[in-house]
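S.K.: Have a look at this one.
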Amino acid sequence: MSVSGLLTLLTQGSGLSTLVAVRCVCLLSWRGESSGAFLGKRVGPFAERFTVKIAHHSTNAKCHDAALNALSALQSSNVATAPFFTNYLPQVTAVSVDHWLHSEAGAVLLLRHPRDYWGSLNRVLTHNTDGIDARHLVWIGARCLDLLAFVHSRGWTHGALSLDHFLVQPQDHAMMFVGWSQARPSGADAAARARDVSMLAWSLGRLISVLNTCDAATEPTLRDDVPAPLAELLVQIKRAA
């Protein structure tokens, strides 16, 4: 699949359908099992940037449905706190393809590219192999817990919280959840919400753990320099799950 391909997508907004041409200019670092992510730019006088998620095969027509349903519902929430929290969720711009230069490409999900976000927490660890300063975990954890509480309060679960799916913006101490392909309406499913909390607790612990002491199947071993109150807080989050 060429990263310089041209997409023409049908967008829906305010009851109108319009075509927007987007050129995929480079492959982003993320590549999942069902789709890859590209950086795209609008063709025309307005240099708007997008994250373009393209399914690996044309048969994957439904692979973006979960993300589309969850993000659309969350973005349209009318509770008082929604305008704040939805700033830290991906914004869907287009969902269907009118033309793609390579016929083997599958379904496309077009998202507004988040500005000023440095990268994922997994990328943070690649640059800080001994983990991050525990003081940074305080604001990272607070932002993530608040955002997850909003998602759960609106009746949804993320389903795939991992270091790859947390984007960080250090300057403004902001966090964004991405990777919504496993999102589901939670309803009364307390177990699904608990899994989200458990995955978040594991990810936070991994940021301040001893190098190479854990994987997805084991608990992180926290470094000796982690303050006891913070370590206890992570335990309490885990118990709350």
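The values are calculated or read from the model by the stated rules, or taken from the named source; none is laboratory data. Predicted model, so just to flag it, every value in this text is computed and none were measured. No Cβ is skipped: glycine too gets one built from the backbone with ideal geometry, and neighbour counts run over all protein chains shown. Ligands, DNA and RNA are excluded from the accessible area calculation, which covers all protein heavy atoms including side chains. Shrake-Rupley method; radii C 1.70, N 1.55, O 1.52, S 1.80 Å.
S.K.: Six or more apart or on different chains, Cβ under 7 Å: which pairs go from a residue in region 128-141 that's free of Cβ contacts under 8 Å to residues at least 40 places away in the same chain to one that's open to solvent by 60 Å² or more (accessible area, probe 1.4 Å)? Could you list them?
M.R.: What qualifies is TRP139/HIS173.
S.K.: Under 25 Å from TYR88 (Cβ atoms), open to solvent by less than 30 Å² (accessible area, probe 1.4 Å) and modelled with pLDDT under 90: is that true of SER203 in this structure?
M.R.: On the way: under 25 Å from TYR88 (Cβ atoms): yes; open to solvent by less than 30 Å² (accessible area, probe 1.4 Å): yes; modelled with pLDDT under 90: no.
In short, no.
S.K.: A further question follows. Given the criteria among the aliphatic types (A, V, I, L, M), assigned to a helix (DSSP H, G or I), touching a strand residue (DSSP E or B) at 6+ places or on another chain (Cβ under 8 Å) and at pLDDT 90 or above, does ALA192 qualify?
M.R.: Numbers: among the aliphatic types (A, V, I, L, M): yes; assigned to a helix (DSSP H, G or I): yes; touching a strand residue (DSSP E or B) at 6+ places or on another chain (Cβ under 8 Å): yes; at pLDDT 90 or above: yes.
Spelling it out, ALA192 is indeed among the aliphatic types (A, V, I, L, M), assigned to a helix (DSSP H, G or I), touching a strand residue (DSSP E or B) at 6+ places or on another chain (Cβ under 8 Å) and at pLDDT 90 or above.
S.K.: With the structure loaded, tell me whether TRP180 is in contact with a His (Cβ under 7 Å, 6 or more places away or on another chain) and closer than 27 Å to PRO229 by Cβ or whether it fails that test.
M.R.: Details: in contact with a His (Cβ under 7 Å, 6 or more places away or on another chain): yes; closer than 27 Å to PRO229 by Cβ: no.
When the stated conditions are applied, TRP180 does not pass them.
S.K.: Still on this structure, I have one more. Being among the hydrophobic types (A, V, I, L, M, F, W, C) and open to solvent by less than 20 Å² (accessible area, probe 1.4 Å) narrows it down to one residue among VAL138, VAL235, VAL151, VAL210; which is it?
M.R.: Numbers: VAL138 fails: open to solvent by less than 20 Å² (accessible area, probe 1.4 Å); VAL235 fails: open to solvent by less than 20 Å² (accessible area, probe 1.4 Å); VAL210 fails: open to solvent by less than 20 Å² (accessible area, probe 1.4 Å).
Just one listed residue meets the conditions, VAL151.
S.K.: So, in region 76-94, how many residues would count as being surrounded by 15 or more Cβ atoms within 10 Å (Cβ to Cβ) and either modelled with pLDDT of 70 or more or in contact with an Asp or Glu (Cβ under 9 Å, 6 or more places away or on another chain) (or both)?
M.R.: Taking region 76-94 first, the residues surrounded by 15 or more Cβ atoms within 10 Å (Cβ to Cβ) are 77, 82, 85-86, 88-94.
Then keep just the ones that are either modelled with pLDDT of 70 or more or in contact with an Asp or Glu (Cβ under 9 Å, 6 or more places away or on another chain) (or both); that gives 77, 82, 85-86, 88-93.
Looking only at that region, the number is 10.
S.K.: Turning to a different aspect of this structure: Go through (1) open to solvent by 20 Å² or more (accessible area, probe 1.4 Å); (2) assigned to a helix (DSSP H, G or I); (3) within 23 Å of CYS63 (Cα to Cα); (4) not aromatic (Phe, Trp, Tyr) for LEU167 and report which single condition fails.
M.R.: Of the numbered conditions (1) open to solvent by 20 Å² or more (accessible area, probe 1.4 Å); (2) assigned to a helix (DSSP H, G or I); (3) within 23 Å of CYS63 (Cα to Cα); (4) not aromatic (Phe, Trp, Tyr), the odd one out for LEU167 is (2).
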